[in-house]
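Everything below concerns the one structure shown next.
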Amino acid sequence: MSANSAFHIAVMSGDGIGPEVMAPALDVLRRIEATTPSLKFRFTEGAAGANHYRETGKSMPESTIKLAEEADAILLGACGLPSVRYPDNTEIMPQVELRFIFDLYAGVRPARLIPGVPSPIVGAAERGIDFVLIRESTEGLFASMGKGVVTHEEARETLVVTRKTTERLFDFSLRLTERRRKRGRPGRLTLVDKANVFKAFNWQRDIFAERKAKFPDVKTDLLYVDACAALLVKKPWDFDVMVMENMFGDILSDLAAGLIGGLGIAPSADIGDKHAVFQPCHGTAPDIMRQGNANPTAMILSAAMMLDWLADKHDHPPAAEAALRIERAVDQAYAGGIKPMEYGGQDGTAAIANAVMKALQ
């Protein structure tokens, strides 16, 4: 893109605390824009979520889907409310629907321990935690979403993995690992599965061996998912990048967030070949909405992930530099003593956002 053009960002604030954490994230992006002449944004709001479903019977209007299709990236707040459900009693989840609409097969969940944030793992503050969990986001056990068969005698859900998506997922994971190696990380990719029980994962291991041959500088290893869970809580600093099936990733990504202080500071992205959605890992937390207590850190860091992806996709170095600026500002805010309420502190949404904005100056 040219130096004078603007990245078009589709903004869906969502439900519960979604709008409360989206506002500071947009403020951070506007501050970045004001101090980076070669980086411009155009934000367009789109409706999505449980509140929209309650009013219209749809989780997203066609206009929102069209907006997402045309935008350079999608910034999504937390969506869904426990009290608003589809007729089959499942929650309203436009974040999942977007994965299938735009074939967002790579769910990227960074787990980095921010200075000053408490971890339940002894030694984490000294050793550091900095790994990325990549979750396949359109297949696996989630391929059965809405298609399961339930009778009086049994219930069946089917795991599906395809060669096309598996190859793309492994190539994506290998490229990301290679990028991290160039930034000083170990450059090691771990395939997490249950190949000692299921044929599908042995089949995926064969594909993994095929794809990794094209990335000679990336080290690889294999690990069963149960062993991975145990090692994550014992020595999380030993991991760099890991890739896994959808349901395994759904579970272990929350575990990863717990290692670094919780969902309130855990960003995420769902990425495809053309489109990408960036959102916090946390839910809508309706019990604390409109109280000013929500932690906006995960949403702010998700915006930083968006900038890094735009930089890579459009060969736009200023966007990558801006992503690092945001990460450093968050680190500075926490190192300076910010203590969110989930850690027993007194700092709510405004205080955390103000500290990050001040650090950006």
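Pairing each residue of region 283-300 that is on the phi < 0 side of the Ramachandran plot with any residue that is among the acidic types (Asp, Glu) and outside any loop (DSSP other than H, G, I, E, B), provided the two are 6+ apart or on different chains, yields C-beta distances under 8 Å for 289/20; 294/20; 295/342; 296/20. Restricting the search to strands (runs of 3 or more DSSP E) fully inside region 35-118 and requiring at least 1 residues that are surrounded by 23 or more Cβ atoms within 10 Å (Cβ to Cβ) gives 73-76, 106-112.
In region 162-181, is there at least one residue being outside the structural domain of residue 275 (by TED's automatic domain parsing), among the aromatic types (Phe, Trp, Tyr) and part of a loop (DSSP other than H, G, I, E, B)?
Filtering region 162-181 down to residues outside the structural domain of residue 275 (by TED's automatic domain parsing) leaves 162-181.
When the remaining residues are screened for being among the aromatic types (Phe, Trp, Tyr), the result is 170, 172.
When the remaining residues are screened for being part of a loop (DSSP other than H, G, I, E, B), the result is none.
The answer is no; no qualifying residue exists.
A count restricted to region 133-154 and to residues that are in contact with a strand residue (DSSP E or B) (Cβ under 6 Å, 6 or more places away or on another chain), assigned to a strand (DSSP E or B) and either assigned by TED's automatic domain parsing to the domain that holds residue 92 or buried (at least 23 other Cβ atoms within 10 Å of the Cβ) (or both) stands at 3. Confirm whether residue 294 is among the small types (Gly, Ala, Ser) and in a helix (DSSP H, G or I). Here the answer is no, as residue 294 does not meet what is asked.
Quick check on region 313-321. Is at least one of its residues part of a loop (DSSP other than H, G, I, E, B), free of Cβ contacts under 8 Å to residues at least 40 places away in the same chain and of a type outside the set (Lys, Arg)? Checked region 313-321: at least one residue is part of a loop (DSSP other than H, G, I, E, B), free of Cβ contacts under 8 Å to residues at least 40 places away in the same chain and of a type outside the set (Lys, Arg). Counting the residues of region 341-355 that are touching an Asp or Glu at 6+ places or on another chain (Cβ under 9 Å) and at pLDDT 95 or above gives 3.
The set of residues in region 198-236 being in contact (Cβ under 8 Å) with a residue 24 or more places away in the chain and either under 20 Å from residue 179 (Cβ atoms) or not assigned by TED's automatic domain parsing to the domain that holds residue 137 (or both) consists of 208, 211, 212, 214, 215, 217, 218, 219, 220, 221.
Please go through region 134-165 and give me each residue that is closer than 24 Å to residue 187 by Cα and in contact with a Leu (Cβ under 6 Å, 6 or more places away or on another chain), ordered by number.
Step one: filter region 134-165 for residues closer than 24 Å to residue 187 by Cα, giving 134-137, 165.
The answer is 136, 137.
Each residue in region 337-349 was checked for being without any contact (Cβ under 8 Å) to a residue 60 or more places away in the chain and surrounded by fewer than 16 Cβ atoms within 10 Å (Cβ to Cβ), and 3 pass. Checked against the criteria, residue 78 counts as within 15 Å of the chain's Cα centre (by Cα), among the aliphatic types (A, V, I, L, M) and not assigned by TED's automatic domain parsing to the domain that holds residue 235. Beta carbons closer than 8 Å, at least 6 apart along the sequence or on distinct chains, pair a first residue in region 127-151 that is within 10 Å of residue 249 (Cβ to Cβ) and in contact (Cβ under 8 Å) with a residue 24 or more places away in the chain with a second that is aliphatic (A, V, I, L, M) and part of a loop (DSSP other than H, G, I, E, B) for 136/161; 137/104; 140/159; 140/161.
The values are calculated or read from the model by the stated rules, or taken from the named source; none is laboratory data. Predicted model, so just to flag it, every value in this text is computed and none were measured. Using ideal geometry, Cβ is built from the backbone for each residue, glycine included, and neighbour counts are taken over all protein chains shown.
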